[in-house]
Structure formats: structure tokens, C-alpha cells
Amino acid sequence: MITVNDIAVEFGGTTLFSEVTFAINENDKIALMGKNGAGKSTLLKIVAGENKPTRGVISAPSDAVIAYLPQHLLTSDDCTVMEETSKAFADVLNMKKEIDDINEQLTIRTDYESDEYMKLIERVSELSEKFYSIEEVNYEAEVEKVLKGLGFEREDFTRQTSEFSGGWRMRIELAKILLKKPDLILLDEPTNHMDIESIQWLEDFLINQAKAVMVISHDKTFVDNITNRTIEVTMGRIYDYKAVYSEYLELRKDRRIHQQKAYDEQQKFIAENQAFIDRFRGTFSKTESVQSRVKMLEKIVPIEVDEIDTSALKLKFPPSPRSGQYPVVVEGLSKTYGDHVVFKDANMVIERGQKVALVGKNGEGKSTMIKAIMGEIDFEGKLEVGHNAQIGYFAQNQASLLDGEMTIFETIDQIAVGDVRTKIKDLLGAFMFKGDDIQKKVKVLSGGEKTRLAMIKLLLEPVNVLILDEPTNHLDMKTKDIIKDALRDFDGTLILVSHDRDFLDGLAEKVFEFGHKRVKEHFEDIKGFLAHKKMDSLKEIEK
């Protein structure tokens, strides 16, 4: 269907990738993988037609519809959610309007024999043939179905798009893409800012209703559920596997073992022949053999071993100051906004050293509870923060509290103590700040970069209660694993709100479920909670 033929991208004397060739066929569901900076987003933009390669061509049928959802995007501010989403059908609706306009002209004009009249008849015939071949659709119902699937409530439909956060506006853009029913959907980190119920709905749509899909995502479960093929971008080239992500990881491991073996054998062969050359160079009787081996070594094409991340950074929290036995105690807590009841009579007891997860669909009160603990809102009932509880708090707005005039390096250097001071560059590298990037001022960073920097800052502060509200957005899989390992070893108390299913698994030992205006306590980890709820998958937590 769509072919990428021998493309290369070069800039500033550096080759990002070259000789990249692959085809995207109908019903291919492709995960585009590779470490940060390998060129995944660049490749996606080239397939989308947003960027041009230095060399090579992208071929697609003239009638192919390719839709692209970038990682950072904002919809316009001048209309309602319903109006903005309905723009997905603008072409069809404009066609209908033109047909109606021409038909009206044909009824009032009397120059039946003129060329202009005949051209109008030809035009309306052409448009009508195209319009009536399109399957009849109840556009309003389709828009409603997709918006509700992506987490919007009916009362949101008439609200201005400007009232919504960037994450929700991204969902509006995604809704428009899905409604167009394109031949190829290109998605760059689509599940950031989505709750689990919306992610599950999107998975179902992409599996059962979408045609071809290519996706970049750091959500392992999402990628495994929707894809049937994995393309890895690494060291300037690609590897194409007809396998889901988890199978690809095993295949990649095998590939690297074989590469390493071949590389080691080649190095041994080169060393043996070089030793022969060095030993017998200048020996008359061996001249021919020496020259023969020199020529042979010159012709050898070095075997490359694909890069493997050896930075395996071990992130360790500073030891926690000892808090009281119960850092957080909530009794009969209720919160309302006007007539809207968020939750009522909520009870929570969190002991020192416990790691708990707050789960439930968006809008059921998880972030409200955290704001109550932080003393940011008023409420009815009793909430006590225990003796010597030193709270470290991470929320999405944490990024806005950074000093914009400081550099990335200075921001971390300012608070790093002990051994960490010698590893600041490694730490920043693990969070995707490499090379000269670390001298950038905070004020020029994107929202995602600021979020990552705020996360590093929090990880270095000596606290005994960590509250993390959606900490893994904008983080790649390796970085998430580093944080997860550090949180496992954290000796303080952890309260975690996350829609990242893999991240929650193996971390939280107790679950507080938010839903139907109440908070329910489950004395088990995520797997036990699922078993108790008779659910097969973490995907269903928020239903």
C-alpha cells in the first residue's frame, strides 16, 4: 500500500539513518521502536508527509488517506468540542453544500444551452456520484460515540475547546483522526494523558476498526495488545520483525548474541592475521603470504554489534527520615464543588513504609484526595498528616515551579548530594538530557522536558512520603524501569496515581479504588485486586 524506499536523513553532517526501506500493507499494525534520539518521530513525520527525507522517496496511492497525530499539538480555540470534532467530516459536508448550491442555481437559471449551464450539470453529476457512493453516516452519532469512547461526557460536547487541558485537546484531535477512517493512522505517544478506560477503548478501535496503524508508544501493554509487527530504528538503520513487542525483545536479544559471536570471531581472525603480518613483515620467504594477508584484511567489512544500553543507571533515593507510624489518616472525608459530589465519607489509613495505588477512572477524586492531603483545598471531615511526615509531591504542574533562568545541569547540581554529584550527567542522560542539552535554560524546554526534569529533582530530595500523580507521562520504557526500581527500594511511604498498567504492577501493595462517589480499600496488590474484582487485566481497573 505505502512504500518507504531507500530514505536517508542527514543534518549538520550527521546521518540519523540511511537506506531505510519497508512497506506498510493494509491491516499492518506496526510498533516503531528504538531508543530516544534514534529517529522514530522523524521517520513517522516523513511517512506522514510532514518532513522530507534527505534522499529517497515515499510512495502511496493517490487516494490514500494518511492521518498523523503528533506528540505535541493543540486544537483551535474558537469552537466547541462537538464543532471541532465534526471538522473530521468537513470534506463530505462541503461536498453536500456544493451539490445543494449548484442544484439551486440550476433551478433558477434559464440559460439551458450555455456552456456554463452544461459545466454546472457535469460538476453536480460528478459530485453526486462521489457523494452518494459514500456510505450514509449519522455524523453526529459517530462523533458522539468516539468522543465518549475517549472519555468525554455529553455535557463536555458544548464546552469551548479552550476550557480543556492540552491532554484533552489531544484527544479531540485523535477523535477527528479516527472519524476520518484513514488508510494509515500514525500515532506518536497517543496514550499520554489517557485513563485506562480510554486506552482500552482506543485499543479496541485500532484492532477492530482501523486499517493500517504505525505507533510510537512507551506503554508496553498497549503496544503488545495492538501491534502485529515491530520496526526498530537503531544505529542509522532498521530491523523489521513480524512479531509483537514482547516477542521482538527476545528476537533482538538473539540477534545481538549472534552479532557479538560473529564480531568476536572476526576480531580473533583479524588479530591472528595481524600477528602473522607483524611477525613476518620483512622476511623474504614470507613476503607473498604477508602481502596476501594485508590485502585480505583491507577487504574485510567490519561486523557491527547493535548498541545496547549499558548505562543501567541504578537510581537510589536518599535514606528517608523516620516518620510517625501513620503518615496519612483520613476519616469521614467529603468533597463537593457546588452540587457536584466528588466523594463522601472517605476513609484511608496509610502506614509508614506502605506503597499504595489510587485507581479509578478520571474525575472520580484521586487527584482531589491528593490535593486534600497537600492542604491545597478545603473539605469536610478529618485528615491528619502524621508526625515528621516530609512530603515530596509530583504533579503535572510541577514543571511550572522550576526556575526558568537556571540550566538543566544547575537545576540538579543545586540539590544533588553525596555520590550522586559525580553521576549528574549519567542521571540526566537516563532522563534523555544528553550532551550540550544539559546547558539549556529551563525556560526553553518543552512541557515534557520540564516534567522529566521536575521528576529528577524530586527523586533527589530527602523525603519520607512520596506522592506521585501520573509520574510516567513523557518517560520512555527504560527511564520508567529505572524509576520503578528506585521506588521499589524507597524506604518511605509511597502514594501513587498512575494509568500506566505496567508501572503499577509489582509496586503497590494496597489499592484504594475511587468510584461512585466513594473510596474503597483493597488489602492486596494490583494482581490481587484484579482477582478480587474478577478482572482479567489491568486494563479493566477503571471501568
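Within the range 415-460, the residues that satisfy the criterion of being modelled with pLDDT of 85 or more and open to solvent by 60 Å² or more (accessible area, probe 1.4 Å) are Gln439, Lys440, Lys441, Lys443. Between Gln266, Gln209, the distinction of being loosely packed, with under 14 Cβ neighbours inside 10 Å and either in contact with a Pro (Cβ under 8 Å, 6 or more places away or on another chain) or within 20 Å of Ile2 (Cβ to Cβ) (or both) belongs to Gln209 only.
Quick one: in the range 379-406, of everything that is farther than 26 Å from Glu351 by Cβ and of a type in the set (D, E, K, R), which residue is most open to solvent (accessible area, probe 1.4 Å)? It comes out as Glu405. Of all residues in the range 49-69, those satisfying the criterion of being assigned to a loop (DSSP other than H, G, I, E, B) and surrounded by fewer than 19 Cβ atoms within 10 Å (Cβ to Cβ) are Gly49, Glu50, Asn51, Lys52, Thr54, Ala60, Pro61, Ser62, Asp63, Ala64, Val65.
Among residues belonging to the range 324-375 that are among the charged types (D, E, K, R) and farther than 21 Å from Phe164 by Cβ, point out the one that is nearest to the chain's Cα centre (by Cα). Can you show your working first?
Step one: of the range 324-375, the residues among the charged types (D, E, K, R) are 331, 335, 339, 344-345, 351-352, 355, 361, 364, 366, 371.
Narrowing further to those that are farther than 21 Å from Phe164 by Cβ: 331, 335, 339, 344-345, 351-352, 355.
On the way: Glu331: 37, Lys335: 32, Asp339: 36, Lys344: 34, Asp345: 36, Glu351: 33, Arg352: 33, Lys355: 25 Å.
Among those that are among the charged types (D, E, K, R) and farther than 21 Å from Phe164 by Cβ, it is Lys355.
Applying the condition of being closer than 19 Å to Glu26 by Cα and not in a loop (DSSP other than H, G, I, E, B) to the range 179-201 and asking which residue is nearest to the chain's Cα centre (by Cα) yields Leu187. In summary, Val223 fulfils each of the numbered conditions (1) within 25 Å of Leu16 (Cα to Cα); (2) open to solvent by 10 Å² or more (accessible area, probe 1.4 Å) with the single exception of condition (2).
Only one of the numbered conditions (1) within 28 Å of Gln209 (Cβ to Cβ); (2) within 22 Å of the chain's Cα centre (by Cα); (3) in a helix (DSSP H, G or I) is not met by Thr42, and that is (1).
Glu144 meets the conditions (1) exposed (fewer than 11 other Cβ atoms within 10 Å of the Cβ); (2) in contact with a helix residue (DSSP H, G or I) (Cβ under 9 Å, 6 or more places away or on another chain); (3) of a type in the set (Asp, Glu) in every case but one. The failed one is (1). Select from the range 30-48 the residues that are open to solvent by 20 Å² or more (accessible area, probe 1.4 Å) and more than 20 Å from Ala8 (Cβ to Cβ) and list them in ascending order. Passing the criteria: only Asn36. Scanning the range 392-423 for residues that are of a type in the set (A, V, I, L, M) and out of contact with any helix residue (DSSP H, G or I) (no Cβ under 8 Å at 6 or more places or on another chain) gives a single hit, Val417. The residues of the range 350-401 that are among the aliphatic types (A, V, I, L, M) and part of a strand (DSSP E or B), listed by number, are Ile350, Val356, Ala357, Leu358, Val359, Leu383, Val385, Ile391. Of the residues Lys450, Lys371, the single one that is in contact (Cβ under 8 Å) with a residue 12 or more places away in the chain and charged (D, E, K, R) is Lys450.
Cβ-Cβ contacts under 8 Å between residues 6 or more apart (or on different chains), taken from a first residue in the range 271-294 that is modelled with pLDDT under 95 to a second residue that is exposed (fewer than 11 other Cβ atoms within 10 Å of the Cβ), are listed as Val290/Thr283.
The values are calculated or read from the model by the stated rules, or taken from the named source; none is laboratory data. In this text, all values refer to a predicted model and were calculated from it rather than measured experimentally. Neighbour counts are summed over all protein chains in view; Cβ atoms, including those assigned to glycine, are modelled from backbone coordinates with ideal geometry. For accessibility, only protein heavy atoms count, side chains too; no ligands or nucleic acids. Shrake-Rupley method; radii C 1.70, N 1.55, O 1.52, S 1.80 Å.
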